[in-house]
């Protein structure tokens, strides 16, 4: 962009910083995505599957077998045993609502990359000659079988026992001591729930129906969210207060849009302000995971960003405060699109690799946005509410030398949840993917520390304190832009 307020990067600084940020580790491990064929749909609109991908496939990591027939596919959970779980309860979470929709065939035809969504995680599957006989056995939904499937999933796939002790063995002993033959649903639920105690991982959860009541157990919500949920008026009153305070401060420039997921404006005529509460949900479409859903979500996000960044350019802003302090995560493609608004070149934002896959870390490349961008100073505001996709965006932004993280340490829960149905239909979601900075550093559990620490949601002023933190970040940007 030629507008004089859009600052260009200093060439010498960029050469060092971007080269470091893009330097993925040289590892003697397979990188199949570099040789895979084009992305194709597994199932056509007619309901027929692509003949090239029909057969029995087993994943590397993830604990899945997928049987693809001419008229559809069947998914099995596989580990110590193989079973087709009971799904009579319907989808229990967003990750549970989607199946493998796309594939990229590898040259030998005996392996392929499967994806849930376009541009999603690369899950490598290998052909099997036939469906294992154990997968044909009658489904055992007894409490002992359910508990063993639960424990086996953690032992094979959970990636962070080194960061969240005690280890699996100690937790498994606790569960097995509580499980007895013929125990009722409530007792089994309590036994499995005991495994989660102290795990401090908001991406790991158990969801199910017990005696007709939907239940959910999840640890690791940080400090701020539980406190505000327990306060008078609860989380809703807090969020309404935050939005009201920000809207009043932004005045006529305030735009609350994207089905209330995005708030932007200009502070005092000189600083751009952009708050993103969630990575997706900008449209009212309910066909999550479909191409139409993805296109609509990206189109609406780009429309909002184009409008906001054009307004920043017209106002001649000195900097931008990107507020991710209340970002609850969501779709990774949105998390990668945000840093694309603040760069004029491609770079590696972070890498991923799944537990047990035997693959090299996959580099997630940040591409410059096609629409308006801002290349000046950016301060990203974070807190312990910032989680998942909010942390991925922050991690990618930290590779940009024009970006400074301000606020509090993020939640420390990066991994996309692996959704595994237990034999009785309960849903286990656990963290099996390791997200790392390009230099290999992993921030799971600890979170991303800010360069400039500010209490964003103080206990005695969780609304007013937030806007004070925003204004502090805006002042820092002004100081960088105009040191006199």
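We did not get these values from a lab; they are worked out from the coordinates using the rules stated. Model, not experiment: these values are computed from the prediction. So basically every Cβ, Gly included, is an ideal-geometry build from the backbone, and we count neighbours across all protein chains shown.
A few points about this structure:
- Cα long-axis angle, helix 185-195 against the chain (0 to 90 degrees, to the nearest 10): 60
- Normalised alpha carbon radius of gyration of the stretch 284-371 [divisor 2.2 N^0.38 Å]: 1.30
- Percent of Cα pairs in the chain per distance bin of 10 Å, from zero to the largest separation: 4, 18, 28, 26, 16, 7, 1, 0.
- At the listed q of 0.15, 0.18 Å⁻¹, the Debye profile of the stretch 182-222, built from one uniform point per Cα, gives log10 I(q)/I(0) equal to -0.36, -0.51.
- Euclidean distance between Cα centres, the stretch 132-205 to the stretch 210-227, Å: 18
- Inter-centroid distance (Cα atoms) of the stretch 308-364 relative to the stretch 421-436, Å: 25
- Here the simple spin-label model places points 7 Å from the Cα toward Cβ, and for residue 257 and residue 129 these points are separated by 6.0 nm.
- Taking the convex hull of the alpha carbon positions in the stretch 32-136 and averaging its projected area over all directions gives 7.1 nm².
- For the pair residue 453 and residue 46, the difference between a 0.36 nm per residue extended length and the Cα-Cα distance amounts to 141.0 nm.
- Debye intensity ratio I(q)/I(0), log10, the stretch 100-145, q values 0.13, 0.22, 0.32 Å⁻¹ (C-alpha model): -0.49, -0.80, -1.09
- Sorted by Cβ neighbour density within 10 Å, fewest at the top, the residues 255, 466, 364, 446: 446, 255, 364, 466
- Principal axis dimensions, largest first and in whole angstrom, of the stretch 347-448 by Cα: 53, 29, 28
- Relative to the longest principal axis of the Cα atoms of the chain, the long axis of helix 143-157 lies at roughly 50 degrees.
- Mean Cα-pair separation over length for the stretch 32-136, i.e. relative contact order, pairs under 8 Å, 6 or more apart, %: 31
- With Cα atoms, 0 to 90° folded angle of helix 291-315 axis to the chain main axis: 10
- Relative contact order (percent, whole number), the chain, Cα cutoff 8 Å, 6+ residue spacing: 18
- Value of Rg to Rh for the stretch 225-322, rounded to two decimals, is 1.04; Kirkwood radius and Rg both from alpha-carbon coordinates.
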